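**Q** Provided herewith is a single structure, encoded as C-alpha coordinates, for subsequent inquiry.
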(Lines give C-alpha, C1' and ligand atoms only; values in the text may rest on other atoms or scores of the structure.)
Protein backbone atom coordinates (compact mmCIF):
# COMPACT_ATOMS: atom_id res chain seq x y z
CA UNK A 1 0.00 0.00 0.00
CA UNK A 2 1.39 3.42 -0.94
CA UNK A 3 2.10 5.53 2.14
CA UNK A 4 2.08 9.29 2.44
CA UNK A 5 5.79 9.46 3.34
CA UNK A 6 6.76 7.95 -0.02
CA UNK A 7 4.65 10.51 -1.89
CA UNK A 8 6.20 13.36 0.10
CA UNK A 9 9.67 11.95 -0.60
CA UNK A 10 8.96 11.79 -4.32
CA UNK A 11 7.75 15.41 -4.30
CA UNK A 12 10.93 16.71 -2.64
CA UNK A 13 13.26 14.66 -4.86
CA UNK A 14 11.65 16.26 -7.93
CA UNK A 15 11.48 19.74 -6.37
CA UNK A 16 15.13 19.74 -5.29
CA UNK A 17 16.44 17.70 -8.21
CA UNK A 18 18.46 15.27 -6.12
CA UNK A 19 18.20 12.46 -3.58
CA UNK A 20 20.72 14.23 -1.35
CA UNK A 21 18.68 17.43 -1.26
CA UNK A 22 15.53 15.51 -0.35
CA UNK A 23 17.44 13.68 2.39
CA UNK A 24 18.53 16.97 3.95
CA UNK A 25 15.05 18.42 3.67
CA UNK A 26 13.40 15.39 5.29
CA UNK A 27 16.17 14.91 7.86
CA UNK A 28 17.04 11.39 6.77
CA UNK A 29 19.71 9.57 4.76
CA UNK A 30 20.14 9.31 1.02
CA UNK A 31 19.83 5.45 1.08
CA UNK A 32 16.49 5.87 2.90
CA UNK A 33 15.29 8.23 0.16
CA UNK A 34 16.39 5.79 -2.55
CA UNK A 35 14.57 2.96 -0.79
CA UNK A 36 11.31 4.93 -0.54
CA UNK A 37 11.42 5.86 -4.23
CA UNK A 38 12.21 2.27 -5.25
CA UNK A 39 9.31 1.00 -3.15
CA UNK A 40 6.96 3.61 -4.66
CA UNK A 41 7.98 2.69 -8.22
CA UNK A 42 7.52 -1.00 -7.46
CA UNK A 43 4.04 -0.47 -6.03
CA UNK A 44 2.97 1.68 -8.97
CA UNK A 45 4.64 -0.54 -11.54
CA UNK A 46 6.16 2.43 -13.42
CA UNK A 47 9.44 4.31 -13.47
CA UNK A 48 8.96 7.75 -11.94
CA UNK A 49 12.44 9.27 -12.04
CA UNK A 50 15.23 9.49 -14.57
CA UNK A 51 18.65 9.61 -12.97
CA UNK A 52 21.84 10.94 -14.59
CA UNK A 53 25.21 12.10 -13.31
CA UNK A 54 24.01 15.66 -12.57
CA UNK A 55 20.40 15.59 -11.39
CA UNK A 56 17.13 13.72 -11.16
CA UNK A 57 14.16 14.49 -13.43
CA UNK A 58 10.66 12.98 -13.60
CA UNK A 59 9.67 10.61 -16.38
CA UNK A 60 6.32 11.20 -18.18
CA UNK A 61 4.68 9.03 -15.52
CA UNK A 62 6.60 10.96 -12.88
CA UNK A 63 5.30 14.30 -14.16
CA UNK A 64 1.76 12.97 -13.95
CA UNK A 65 2.47 11.67 -10.44
CA UNK A 66 3.89 15.07 -9.44
CA UNK A 67 0.58 16.80 -10.12
CA UNK A 68 -1.22 14.51 -7.70
CA UNK A 69 1.59 14.65 -5.13
CA UNK A 70 1.42 18.45 -5.04
CA UNK A 71 -2.35 18.32 -4.58
CA UNK A 72 -2.09 15.77 -1.76
CA UNK A 73 0.63 17.68 0.12
CA UNK A 74 -1.25 20.94 -0.39
CA UNK A 75 -4.48 19.42 0.93
CA UNK A 76 -2.63 18.09 3.96
CA UNK A 77 -1.30 21.57 4.75
CA UNK A 78 -4.74 23.08 4.23
CA UNK A 79 -6.30 20.48 6.52
CA UNK A 80 -3.71 21.04 9.25
CA UNK A 81 -4.13 24.82 9.06
CA UNK A 82 -7.89 24.48 9.45
CA UNK A 83 -8.17 21.68 12.01
CA UNK A 84 -4.97 21.22 13.99
CA UNK A 85 -4.59 22.76 17.42
CA UNK A 86 -1.74 25.25 17.12
CA UNK A 87 0.11 23.88 20.12
CA UNK A 88 0.24 20.49 18.41
CA UNK A 89 2.41 21.74 15.53
CA UNK A 90 5.79 20.08 15.79
CA UNK A 91 9.05 19.85 13.90
CA UNK A 92 12.11 22.01 13.26
CA UNK A 93 12.27 25.32 11.39
CA UNK A 94 15.75 26.21 10.17
CA UNK A 95 15.70 30.00 10.40
CA UNK A 96 18.36 32.31 8.95
CA UNK A 97 18.44 35.90 10.22
CA UNK A 98 20.39 39.09 9.62
CA UNK A 99 22.08 40.41 12.72
CA UNK A 100 19.97 43.59 12.77
CA UNK A 101 17.04 41.31 13.61
CA UNK A 102 19.02 39.70 16.43
CA UNK A 103 19.50 43.14 18.02
CA UNK A 104 15.83 44.10 17.76
CA UNK A 105 12.85 41.71 17.96
CA UNK A 106 14.28 38.18 17.50
CA UNK A 107 14.25 37.36 21.25
CA UNK A 108 10.55 38.21 21.46
CA UNK A 109 9.80 36.17 18.34
CA UNK A 110 11.43 33.11 19.88
CA UNK A 111 9.41 33.58 23.07
CA UNK A 112 6.12 33.94 21.15
CA UNK A 113 6.75 30.90 18.95
CA UNK A 114 7.69 28.82 21.98
CA UNK A 115 4.52 29.89 23.79
CA UNK A 116 2.17 29.27 20.86
CA UNK A 117 3.89 26.17 19.47
CA UNK A 118 5.79 24.45 22.30
CA UNK A 119 6.60 21.44 20.09
CA UNK A 120 8.07 23.53 17.27
CA UNK A 121 11.84 24.05 17.48
CA UNK A 122 13.84 26.86 15.89
CA UNK A 123 17.40 26.42 14.68
CA UNK A 124 18.60 30.00 14.19
CA UNK A 125 21.62 30.88 12.09
CA UNK A 126 22.94 34.45 11.90
CA UNK A 127 24.53 35.48 8.61
CA UNK A 128 24.66 38.19 5.97
CA UNK A 129 21.92 38.43 3.35
CA UNK A 130 23.89 37.05 0.35
CA UNK A 131 24.78 33.93 2.32
CA UNK A 132 21.23 33.49 3.62
CA UNK A 133 19.84 33.85 0.11
CA UNK A 134 22.17 31.10 -1.18
CA UNK A 135 21.30 28.84 1.72
CA UNK A 136 17.55 29.28 1.27
CA UNK A 137 17.73 28.52 -2.45
CA UNK A 138 19.77 25.37 -1.72
CA UNK A 139 17.24 24.29 0.94
CA UNK A 140 19.75 24.50 3.80
CA UNK A 141 17.35 26.76 5.69
CA UNK A 142 13.55 26.94 5.59
CA UNK A 143 12.94 30.62 6.28
CA UNK A 144 15.07 33.77 6.06
CA UNK A 145 14.68 37.17 7.72
CA UNK A 146 17.00 39.47 5.79
CA UNK A 147 17.20 42.32 3.29
CA UNK A 148 14.57 41.91 0.61
CA UNK A 149 12.15 41.17 -0.84
CA UNK A 150 13.65 38.86 -3.45
CA UNK A 151 12.53 38.62 -7.05
CA UNK A 152 12.96 34.88 -7.69
CA UNK A 153 9.77 33.28 -8.99
CA UNK A 154 10.02 30.35 -6.57
CA UNK A 155 10.41 32.54 -3.47
CA UNK A 156 7.52 33.89 -1.40
CA UNK A 157 8.10 37.15 0.48
CA UNK A 158 6.45 39.08 3.26
CA UNK A 159 7.79 42.56 4.00
CA UNK A 160 8.55 42.87 7.70
CA UNK A 161 9.82 46.39 8.41
CA UNK A 162 12.06 49.28 7.43
CA UNK A 163 14.93 50.41 9.67
CA UNK A 164 16.43 53.87 9.03
CA UNK A 165 20.23 54.09 9.00
CA UNK A 166 22.07 56.83 10.88
CA UNK A 167 25.54 58.22 11.37
CA UNK A 168 26.53 57.88 15.03
CA UNK A 169 29.75 58.61 16.88
CA UNK A 170 31.23 58.76 20.34
CA UNK A 171 31.33 62.20 22.01
CA UNK A 172 35.08 61.61 22.38
CA UNK A 173 35.55 62.33 18.67
CA UNK A 174 34.60 65.94 19.30
CA UNK A 175 32.46 66.34 16.21
CA UNK A 176 30.83 69.78 15.99
CA UNK A 177 27.09 70.33 16.20
CA UNK A 178 25.13 71.20 13.09
CA UNK A 179 25.02 69.62 9.67
CA UNK A 180 28.14 67.58 8.88
CA UNK A 181 29.39 66.99 5.34
CA UNK A 182 31.21 64.08 3.75
CA UNK A 183 34.42 66.15 4.10
CA UNK A 184 33.83 66.46 7.86
CA UNK A 185 33.31 62.71 8.31
CA UNK A 186 36.02 61.54 5.89
CA UNK A 187 38.63 62.56 8.48
CA UNK A 188 37.53 59.58 10.55
CA UNK A 189 37.28 55.86 9.93
CA UNK A 190 33.79 54.80 8.84
CA UNK A 191 32.44 51.65 10.51
CA UNK A 192 29.58 49.67 9.02
CA UNK A 193 28.20 46.36 7.71
CA UNK A 194 30.44 43.68 6.15
CA UNK A 195 31.58 43.52 2.55
CA UNK A 196 29.29 41.95 -0.05
CA UNK A 197 26.26 43.51 1.59
CA UNK A 198 23.99 46.24 0.23
CA UNK A 199 24.59 48.66 3.15
CA UNK A 200 28.38 48.38 2.75
CA UNK A 201 28.19 49.26 -0.93
CA UNK A 202 25.89 52.22 -0.23
CA UNK A 203 28.23 53.63 2.41
CA UNK A 204 31.27 53.12 0.20
CA UNK A 205 29.59 54.95 -2.68
CA UNK A 206 28.77 57.95 -0.45
CA UNK A 207 32.47 58.57 0.16
CA UNK A 208 33.68 57.56 -3.29
CA UNK A 209 34.04 61.14 -4.51
CA UNK A 210 37.02 62.60 -6.39
CA UNK A 211 37.32 65.57 -4.04
CA UNK A 212 37.46 63.38 -0.92
CA UNK A 213 40.53 61.68 0.50
CA UNK A 214 40.60 57.89 0.58
CA UNK A 215 38.58 56.79 3.55
CA UNK A 216 39.26 54.03 6.01
CA UNK A 217 36.20 51.79 5.85
CA UNK A 218 36.02 49.28 8.70
CA UNK A 219 33.54 46.46 7.98
CA UNK A 220 32.34 43.81 10.40
CA UNK A 221 29.79 41.01 10.20
CA UNK A 222 29.19 41.50 13.94
CA UNK A 223 27.04 44.55 14.68
CA UNK A 224 28.01 44.20 18.32
CA UNK A 225 31.60 44.77 17.20
CA UNK A 226 30.52 47.79 15.11
CA UNK A 227 28.76 49.29 18.14
CA UNK A 228 31.75 48.64 20.41
CA UNK A 229 34.17 50.22 17.93
CA UNK A 230 31.92 53.28 17.70
CA UNK A 231 31.51 53.71 21.48
CA UNK A 232 35.28 53.32 21.87
CA UNK A 233 35.76 56.27 19.52
CA UNK A 234 37.45 54.33 16.72
CA UNK A 235 35.35 55.97 14.02
CA UNK A 236 31.91 57.05 12.83
CA UNK A 237 29.39 54.20 12.49
CA UNK A 238 26.64 53.92 9.89
CA UNK A 239 24.06 51.50 11.29
CA UNK A 240 20.31 51.24 12.00
CA UNK A 241 19.30 53.68 14.73
CA UNK A 242 17.09 51.02 16.34
CA UNK A 243 20.02 48.90 17.48
CA UNK A 244 21.83 51.72 19.32
CA UNK A 245 18.90 53.23 21.23
CA UNK A 246 20.47 52.32 24.57
CA UNK A 247 23.87 53.79 23.68
CA UNK A 248 22.21 57.00 22.45
CA UNK A 249 20.09 57.31 25.59
CA UNK A 250 23.12 56.76 27.84
CA UNK A 251 25.24 59.28 25.94
CA UNK A 252 27.79 56.72 24.75
CA UNK A 253 26.93 57.71 21.18
CA UNK A 254 25.61 60.86 19.55
CA UNK A 255 23.22 60.91 16.59
CA UNK A 256 24.86 62.99 13.86
CA UNK A 257 23.10 65.30 11.43
CA UNK A 258 24.62 65.10 7.94
CA UNK A 259 23.89 66.24 4.40
CA UNK A 260 24.08 62.61 3.21
CA UNK A 261 21.12 60.28 2.92
CA UNK A 262 21.47 56.58 3.57
CA UNK A 263 18.44 54.54 2.45
CA UNK A 264 16.52 52.61 5.08
CA UNK A 265 17.01 48.85 5.25
CA UNK A 266 13.93 46.87 4.21
CA UNK A 267 13.71 43.43 5.78
CA UNK A 268 11.44 40.65 4.60
CA UNK A 269 10.58 37.08 5.48
CA UNK A 270 11.37 34.80 2.54
CA UNK A 271 10.70 31.11 1.96
CA UNK A 272 10.57 28.75 -1.00
CA UNK A 273 7.18 28.12 -2.57
CA UNK A 274 6.00 24.57 -1.96
CA UNK A 275 2.81 22.80 -0.87
CA UNK A 276 4.17 22.24 2.64
CA UNK A 277 5.13 25.59 4.22
CA UNK A 278 2.59 25.86 7.03
CA UNK A 279 5.11 26.08 9.88
CA UNK A 280 7.34 28.58 8.07
CA UNK A 281 4.36 30.79 7.25
CA UNK A 282 3.18 30.70 10.88
CA UNK A 283 6.61 31.88 12.06
CA UNK A 284 6.60 34.58 9.36
CA UNK A 285 3.17 35.73 10.64
CA UNK A 286 4.57 36.19 14.15
CA UNK A 287 7.60 38.01 12.76
CA UNK A 288 5.52 40.42 10.66
CA UNK A 289 3.39 41.47 13.64
CA UNK A 290 6.41 41.96 15.89
CA UNK A 291 8.52 43.75 13.30
CA UNK A 292 5.85 46.21 12.24
CA UNK A 293 5.22 47.18 15.84
CA UNK A 294 8.90 47.30 16.73
CA UNK A 295 10.17 49.33 13.77
CA UNK A 296 8.52 52.47 15.12
CA UNK A 297 9.04 51.92 18.83
CA UNK A 298 12.73 50.95 18.71
CA UNK A 299 12.45 49.42 22.19
CA UNK A 300 15.80 48.11 23.40
CA UNK A 301 15.85 44.33 23.72
CA UNK A 302 17.32 42.08 26.36
CA UNK A 303 20.13 39.66 25.55
CA UNK A 304 18.94 36.62 23.61
CA UNK A 305 17.97 33.77 25.93
CA UNK A 306 18.15 30.24 24.59
CA UNK A 307 16.31 27.10 25.60
CA UNK A 308 16.39 23.47 24.57
CA UNK A 309 14.16 24.13 21.57
CA UNK A 310 16.29 26.96 20.16
CA UNK A 311 19.80 26.79 18.74
CA UNK A 312 21.61 29.90 17.51
CA UNK A 313 24.85 29.95 15.59
CA UNK A 314 26.66 32.29 13.25
CA UNK A 315 27.18 31.38 9.63
CA UNK A 316 30.73 30.75 8.44
CA UNK A 317 30.12 28.98 5.16
CA UNK A 318 30.96 31.81 2.77
CA UNK A 319 33.60 34.55 2.81
CA UNK A 320 32.34 37.81 4.28
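The values are calculated or read from the model by the stated rules, or taken from the named source; none is laboratory data. If you're wondering where the values come from, they're calculated on a predicted model, not measured in any experiment. We place every Cβ from the backbone using ideal geometry, glycine too, and count neighbours over all the protein chains shown.
**Q** Report every pair of residues separated by at least 6 positions or lying on different chains whose Cβ atoms are under 6 Å apart, first residue within region 91-104 and in contact (Cβ under 8 Å) with a residue 60 or more places away in the chain and not assigned by TED's automatic domain parsing to the domain that holds residue 130, second surrounded by 23 or more Cβ atoms within 10 Å (Cβ to Cβ) and not in a strand (DSSP E or B).
**A** Every condition considered, no pair remains.
**Q** Name, by its number, the condition in (1) over 25 Å from residue 237 (Cα atoms); (2) surrounded by 19 or more Cβ atoms within 10 Å (Cβ to Cβ) that does not hold for residue 166.
**A** The number of the failed condition is (1).
**Q** Limited to region 242-263, what total is found for residues that are out of contact with any helix residue (DSSP H, G or I) (no Cβ under 8 Å at 6 or more places or on another chain) and in a helix (DSSP H, G or I)?
**A** 3
**Q** When residue 156 is evaluated against the numbered criteria (1) assigned to a helix (DSSP H, G or I); (2) touching a residue at least 60 places away in the same chain (Cβ under 8 Å), which criterion, by number, is the only one it fails?
**A** Of (1) assigned to a helix (DSSP H, G or I); (2) touching a residue at least 60 places away in the same chain (Cβ under 8 Å), only one is false for residue 156: (1).
**Q** Now for a different question. When residues of region 222-241 are filtered for being in contact with a helix residue (DSSP H, G or I) (Cβ under 7 Å, 6 or more places away or on another chain) and part of a helix (DSSP H, G or I), how many remain?
**A** Matching residues across region 222-241 total 3.
**Q** Name the pairs: first residue in region 125-148 and free of Cβ contacts under 8 Å to residues at least 60 places away in the same chain, second residue surrounded by fewer than 24 Cβ atoms within 10 Å (Cβ to Cβ), Cβ to Cβ under 6 Å, at least 6 apart or on different chains?
**A** Going by the 6 Å Cβ cut-off, the qualifying pairs are 141/94; 141/135.
**Q** Would you check if there is a residue in region 133-142 being more than 20 Å from residue 233 (Cα to Cα), surrounded by fewer than 17 Cβ atoms within 10 Å (Cβ to Cβ) and under 11 Å from the mean Cα position of the chain (by Cα)? Let's see the steps before the verdict.
**A** Let us first name the residues in region 133-142 that are more than 20 Å from residue 233 (Cα to Cα), namely 133-142.
From the residues that got through so far, the ones that are surrounded by fewer than 17 Cβ atoms within 10 Å (Cβ to Cβ) too are 134, 137-138.
Within this subset, residues satisfying the condition of being under 11 Å from the mean Cα position of the chain (by Cα) are 134.
The answer is yes; a qualifying residue exists.
**Q** Still on this model: If you go through region 198-221, how many residues are within 18 Å of residue 100 (Cβ to Cβ) and either modelled with pLDDT of 90 or more or not in a loop (DSSP other than H, G, I, E, B) (or both)? Working first, answer last.
**A** Looking only at region 198-221, we keep the residues that are within 18 Å of residue 100 (Cβ to Cβ), and these are 198-203, 218-221.
So of that shortlist, the ones also either modelled with pLDDT of 90 or more or not in a loop (DSSP other than H, G, I, E, B) (or both) come out as 198-203, 218-220.
Qualifying residue count, region 198-221: 9.
**Q** Specify the residue that is farthest from residue 16 (Cα to Cα); the eligible residues are those in region 261-275 that are surrounded by 16 or more Cβ atoms within 10 Å (Cβ to Cβ) and over 19 Å from the mean Cα position of the chain (by Cα).
**A** Filtering region 261-275 for residues that are surrounded by 16 or more Cβ atoms within 10 Å (Cβ to Cβ) and over 19 Å from the mean Cα position of the chain (by Cα), the one farthest from residue 16 (Cα to Cα) comes out as 262.
**Q** Out of the residues in region 47-74 meeting the condition of being without any contact (Cβ under 8 Å) to a residue 40 or more places away in the chain and touching a helix residue (DSSP H, G or I) at 6+ places or on another chain (Cβ under 7 Å), tell me which one is surrounded by the most Cβ atoms within 10 Å (Cβ to Cβ).
**A** Checked region 47-74; the qualifying residue surrounded by the most Cβ atoms within 10 Å (Cβ to Cβ) is 48.
**Q** In region 182-215, how many residues are under 11 Å from residue 236 (Cβ atoms) and either touching a strand residue (DSSP E or B) at 6+ places or on another chain (Cβ under 7 Å) or buried (at least 18 other Cβ atoms within 10 Å of the Cβ) (or both)?
**A** Qualifying residue count for the region: 10.
**Q** Can you name the condition, by its number, that residue 246 falls short on among (1) over 19 Å from residue 193 (Cβ atoms); (2) surrounded by fewer than 19 Cβ atoms within 10 Å (Cβ to Cβ); (3) in contact with a strand residue (DSSP E or B) (Cβ under 9 Å, 6 or more places away or on another chain)?
**A** Condition (3) is where residue 246 drops out.
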